[in-house]
Amino acid sequence: MSKSILITGCSTGIGLYCAKTLHNEGFKVIASVRNTEHLKQFETLGIPCVLIDLADEHSIQNGFNEALSLCNGKLDVLFNNGAYGQPGAVEDLPTEVLRQQFEVNFFGWHSITKLAVKHMRKHGQGRIVQNSSVLGLVALPYRGAYNASKFALEGLTDTLRMELADTNIQVSLIEPGPILSEFRKNARIAFEEHINIEDSFHKAEYQAQLTRLKAQTAPQKFTLGPDAVYEKLLHAITAPKAKARYYVTFPTYFMGYLKRILSSALLDKILLKNR
């Protein structure tokens, strides 16, 4: 019997690619999206899809219950993927905007993960895979909200993995660097919507960042396609023993190495030069 997997954040990018590819490989995929306008593409693909807004507890509960009904009451894998990045200097972030970042990237993941753990304990097995980021390993300036959400996710996931060590529920983190997706486009929209650029001490830096974002037509250096994440996800959900962490892209491997060997002061200097 093929494994069933619920994937959050499937409208575009990594989630969409992994949903389509796993479906083609014979997995029972249940995709989730936030907006009804994105449901139609999954009808065309023949992939069951549910609505889950990670900022809405009621939506999470309803979407999870619907997903269970679509996989005949037994979910084998949860792949938490739905997230976004809110740029801006820490001093310029409205606290409510920071809360919104955590609501989607952290609290929503916690809510759906709790539901999955309860379900998987009942069935005696399962896999939970969290799509984190290189920015859950190291921080970069002007990405404080996203950095914080991913650092929090890493800590919560490490704790969960230890608490489930005596069960057949395996927990993994995937930590990508730059991946081809609409992440940067969506980050720019959030940047312009929530940050008061004109009145900021960082105005000149913000304007330079926006210019780069708007002018960029080619991928960043070391950017890989979503297939690189899919490769790690496939191992995490099929290997007899999943890894605790999966690095994706050269920057993640490199930053993980530097964090182990360098002082904070020296690592800061390197990150500031390459932001």
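The values are calculated or read from the model by the stated rules, or taken from the named source; none is laboratory data. Only a predicted model underlies this, so the values are computations on that prediction, with no experimental measurement involved. Don't worry about glycine lacking a Cβ; one is built from the backbone with ideal geometry, like all the others, and counts go over all protein chains shown.
Quick look at the values:
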{"item": "Flag for I237 being modelled with pLDDT of 95 or more and either touching a strand residue (DSSP E or B) at 6+ places or on another chain (Cβ under 6 Å) or of a type in the set (V, I, T) (or both)", "result": "yes"}
{"item": "Residue match in the range 78-86 (condition: over 23 Å from V29 (Cβ atoms) and out of contact with any Leu (no Cβ under 6 Å at 6 or more places or on another chain))", "result": "yes"}
{"item": "Selection count where residues are among the aliphatic types (A, V, I, L, M) and free of Cβ contacts under 8 Å to residues at least 12 places away in the same chain, scope the range 172-195", "result": "1"}
{"item": "Considering residues of the range 168-178 that are among the aliphatic types (A, V, I, L, M) and either within 14 Å of the chain's Cα centre (by Cα) or assigned to a loop (DSSP other than H, G, I, E, B) (or both) only, the residue farthest from I128 (Cα to Cα)", "result": "I174"}
{"item": "Residue that is surrounded by the most Cβ atoms within 10 Å (Cβ to Cβ) [pool: residues in the range 65-112 that are under 24 Å from I128 (Cβ atoms) and of a type in the set (D, E, K, R)]", "result": "D76"}
{"item": "Pair list, Cβ under 7 Å, 6 or more apart: the range 39-61 residue closer than 26 Å to F106 by Cα, other residue among the acidic types (D, E)", "result": "V50/E66; A55/E103; S59/D53"}
{"item": "Of all residues making up the range 159-202, the number that are among the hydrophobic types (A, V, I, L, M, F, W, C), closer than 27 Å to P94 by Cα and modelled with pLDDT under 95", "result": "7"}
{"item": "Count of residues meeting criterion [part of a loop (DSSP other than H, G, I, E, B) and without any contact (Cβ under 8 Å) to a residue 60 or more places away in the chain] in the range 1-24", "result": "3"}
